[in-house]
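Q: Attaching a single structure in structure tokens format; questions to follow.
The values are calculated or read from the model by the stated rules, or taken from the named source; none is laboratory data. Since this is a predicted model, take the numbers as computed values, not measurements. Using ideal geometry, Cβ is built from the backbone for each residue, glycine included, and neighbour counts are taken over all protein chains shown.
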């Protein structure tokens, strides 16, 4: 995964590229640099693939476009309220890395737990590849 300094520059550039590729769907965290930085910071803090959180956000709420209560991840079936979108990014990242439900799972298993819909993992991984190829 790497530290923020190393993955940050390349991660920000790739997420910016992915944001343009995916369209104007990334709404909730303010200006695009701030939003993209929050995704990469959370990935670094919780040792997640830096493409995972923005991809989940895109699949769940079109990158925040359909989010309610700063919950751009559909967390807890959309019932969880976050004070800010950045708080939601960090809360979901923290839970994916540390909760008993997700901790230590490989991507495929983590996604199946996050949403058991049969095609869900394929969709999220497709968005991840749109942001950047696997490392």
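Q: Only one residue in 93, 104 is crowded, with 19+ Cβ neighbours inside 10 Å and closer than 19 Å to residue 49 by Cβ, so which one is that?
A: Result of the check over 93, 104: 93.
Q: Within segment 78-88, which residues are out of contact with any helix residue (DSSP H, G or I) (no Cβ under 6 Å at 6 or more places or on another chain) and part of a helix (DSSP H, G or I)?
A: Those that are out of contact with any helix residue (DSSP H, G or I) (no Cβ under 6 Å at 6 or more places or on another chain) and part of a helix (DSSP H, G or I): 78, 85, 87, 88.
Q: Okay, moving on. If residue 128 passes every condition in (1) touching a residue at least 40 places away in the same chain (Cβ under 8 Å); (2) exposed (fewer than 13 other Cβ atoms within 10 Å of the Cβ) but one, which one does it miss?
A: Condition not satisfied by residue 128: (2).
Q: Looking only at segment 49-58, filter to residues that are in contact with a helix residue (DSSP H, G or I) (Cβ under 6 Å, 6 or more places away or on another chain) and in a loop (DSSP other than H, G, I, E, B); which one of those is modelled with the lowest pLDDT?
A: Looking at the filtered set, the residue picked out is 50.
Q: Mind listing just one residue for me: the one in segment 89-110 that is out of contact with any helix residue (DSSP H, G or I) (no Cβ under 7 Å at 6 or more places or on another chain) and part of a helix (DSSP H, G or I) and, of those, farthest from residue 72 (Cα to Cα)?
A: Restricting to residues being out of contact with any helix residue (DSSP H, G or I) (no Cβ under 7 Å at 6 or more places or on another chain) and part of a helix (DSSP H, G or I), the top hit is 109.
Q: Please count how many residues of segment 111-134 are in a loop (DSSP other than H, G, I, E, B) and more than 18 Å from residue 97 (Cβ to Cβ).
A: 7
Q: Let me ask something additional. Can you pull out the residues in segment 65-77 that are crowded, with 16+ Cβ neighbours inside 10 Å and either over 16 Å from the mean Cα position of the chain (by Cα) or outside any loop (DSSP other than H, G, I, E, B) (or both)?
A: Hits for segment 65-77 are 71, 75.
Q: Test residue 61 against the stated conditions and say whether it is modelled with pLDDT of 95 or more and either buried (at least 20 other Cβ atoms within 10 Å of the Cβ) or in contact with a strand residue (DSSP E or B) (Cβ under 9 Å, 6 or more places away or on another chain) (or both).
A: no
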